[in-house]
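Reading through the structure tokens given below for one structure.
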Amino acid sequence: MKDQLGRWRSCVAKLSILGGLALALATGGPDARAQGPAEVEEPIGLPEGRVKLGPAIGDAGILEAGSAPGTQDNRPMSGRLGAGGSRAPIGAVNPSRPAAGEPPPRFRPEVLEPASVPHYGELELPGSTTERPVEPGLTLDVAIETLLRNNLNLIALKFEIPMAQADALTASLRTNPIIYADAQLIPYGRYSNVKPGGPPQYDINITYPIDVTRKRKARTIVAEKATRVTQAQFQDAVRLQIDNLYTAYVDVAAAEETLRYSQAYLDGITRLLKLNQELLKSGQVVKATIDALQSQAEQAQLQVHEATHAVSKTSRTMGRLLNLSRADADSLHVGGALRNLTELAHSGDSLIQIAMTNRPDLIGYRLGVERANSEIRLAHANRLSDVYLLAQPYTFQDNRPFGFKSPHSWAVGVTVPLPVYNRNQGNIQRAKINATQTQVELAALEREVADEVDESFREFQLSRNALLELERQVIPAARRVRDSAYRRLQGGETSAIEYLDAQKDYNEVVRQYRDTLVRHRRAMLDVNTAVGVRVLP
């Protein structure tokens, strides 16, 4: 009696343990208790949580049927012929899907705003307006090569391409087959004529998924097109970073030109001051004239300090783009003249056609349209789940408790999910809408690029005409007025104060000329950025 009571207590304890396990499965989700057909998740084929170059162009953001973003699939895997089946969750036998949530970060180069050149003090043209001594320094061609080789932002963004290629490799992977072994009808104690059951059964089966709709091929095509989009986006990031280099390069050239103008004015006003100091000794000028000239000389000296600081500041900005050391950036000097009157060999319409062919952002969007169309084909391929072929090469039934011979057997079967309710209708519709949306975005970008090229072309023509007008008419007229005042000063007809007023008017024209030089050089390089091809030096 005591032995029977002990066996009952042991059975109750085992049942309590099984009940706790059943409760844990129940709280894990309603599907954790059921056994359905084998549904093995496909390998991940769409890149998610990456793309630092910007939004993934053409990505429909669709999910495979039956899966939720960022969650582990806890549906049990089954598919064997007998009563038993694997309770292992599907997500445990395939790579986990990257979590979906916040949009991918944008890591495109920030637009570098032009530096302001000093406006304090007066300026003077150092010699001829059409000639400048050729000095050795960093040319624009060498600067671009250095940028492409050393810029840290571009080096970081370049890793996006091998990551996209890795996504394509992941998309091309096949789904893993599943091997499953179990033991069934194991008695608590022993079977007997009084307590019949069994016989115990031991099985080994293999489930192999068959991609009947060629989803793997469709995933691979989408991932390969996504790689090409990433390459185009990287090229556009290079274009924008070169545009930043253009800005920094002109800033340095403008600061150096301002320093030359400031030094020329300081030299001129210093000579005039020394001349009038000699005249003061002979009583030909009054002390007020010397004070006025002394004030102008001090302002000119301050202007030289301001221009020197501007050269240092703009050089360091350019040095950061080129990843130069601080010492190398401080000694940086750009070669060539700021003045460049190269004519544009293309019309506005031909420039627009060149931009439509070569702009990498346009190329990226065209590739994005192709990717969006591939997403539609992928969504259609995902209408039907895989067919699962079951091979059960080994089944052993243990008849030894009954005194009979134990047999071995095998089985084969197939599991075909019926597309009665879910045929991926929502994702197909989403992919179609995304393709249309991408085409509309491409049309809007083409219009924007055309306007940008036309605006840069008009600015180039306008700034070039203004520069020629200043050189041919405005500056010579202003110089004649200033020189006439200087001759009157030498002849004793006017005072130095009146000459300084004429000099001030001339300085304003010089400052306008300096600003127009900078404006036109920027306009030339803006044409290159707008077109996407270097058509001007």
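Out of all the residues in the range 320-335, is one or more surrounded by fewer than 21 Cβ atoms within 10 Å (Cβ to Cβ), under 25 Å from the mean Cα position of the chain (by Cα), modelled with pLDDT of 90 or more and farther than 30 Å from V449 by Cα?
yes
Tally the residues that are over 19 Å from A381 (Cα atoms) and in a loop (DSSP other than H, G, I, E, B), restricting the search to the range 177-222.
Of the residues in the range 177-222, 17 are over 19 Å from A381 (Cα atoms) and in a loop (DSSP other than H, G, I, E, B).
Which of the residues belonging to the range 280-291 are surrounded by fewer than 16 Cβ atoms within 10 Å (Cβ to Cβ) and on the phi < 0 side of the Ramachandran plot?
L280, K281, S282, Q284, V286, K287, A288, D291
Could you please let me know if Y188 is more than 30 Å from L53 (Cβ to Cβ) and exposed (fewer than 13 other Cβ atoms within 10 Å of the Cβ)?
yes
When the residues of the range 412-430 are filtered to those that are touching a residue at least 60 places away in the same chain (Cβ under 8 Å) and in a helix (DSSP H, G or I), which remaining residue is farthest from P209 (Cα to Cα)?
R430
In this structure, does N507 turn out to be under 26 Å from Q277 (Cβ atoms), crowded, with 18+ Cβ neighbours inside 10 Å and among the polar types (S, T, N, Q)?
yes
Return only the number of the condition from (1) touching a Ser or Thr at 6+ places or on another chain (Cβ under 9 Å); (2) modelled with pLDDT under 90 that R132 does not satisfy.
Unmet for R132, out of (1) touching a Ser or Thr at 6+ places or on another chain (Cβ under 9 Å); (2) modelled with pLDDT under 90: (1).
Considering each residue of the range 446-459, count those that are more than 10 Å from I352 (Cα to Cα) and either in contact with a Leu (Cβ under 6 Å, 6 or more places away or on another chain) or polar (S, T, N, Q) (or both), and give that number.
Total satisfying the criteria: 1.
Mind telling me which of the residues P114, P98 ends up being part of a loop (DSSP other than H, G, I, E, B) and at pLDDT 55 or above?
Being part of a loop (DSSP other than H, G, I, E, B) and at pLDDT 55 or above holds for just one of P114, P98, which is P114.
Is it fair to say A253 is surrounded by 18 or more Cβ atoms within 10 Å (Cβ to Cβ), modelled with pLDDT under 95 and in a helix (DSSP H, G or I)?
yes
Pairs only if they're at least six apart or on different chains, beta carbon under 9 angstrom, first in the range 274-302 and more than 30 Å from L259 (Cα to Cα) and acidic (D, E), second modelled with pLDDT under 85 and not in a loop (DSSP other than H, G, I, E, B); list them, first residue then second.
Partner pairs satisfying both residue conditions: none exist.
Within the range 350-357, identify whether any single residue is within 29 Å of the chain's Cα centre (by Cα), within 15 Å of R534 (Cβ to Cβ) and loosely packed, with under 13 Cβ neighbours inside 10 Å, and answer yes or no.
yes
State yes or no: is D267 surrounded by 20 or more Cβ atoms within 10 Å (Cβ to Cβ), of a type in the set (D, E, K, R) and part of a helix (DSSP H, G or I)?
When the stated conditions are applied, D267 does not pass them.
The values are calculated or read from the model by the stated rules, or taken from the named source; none is laboratory data. This is a predicted model, so every value here is computed, not measured. A quick note on method: Cβ atoms are made from the backbone with ideal geometry, for glycine too, and the neighbour counts reach across all protein chains shown.
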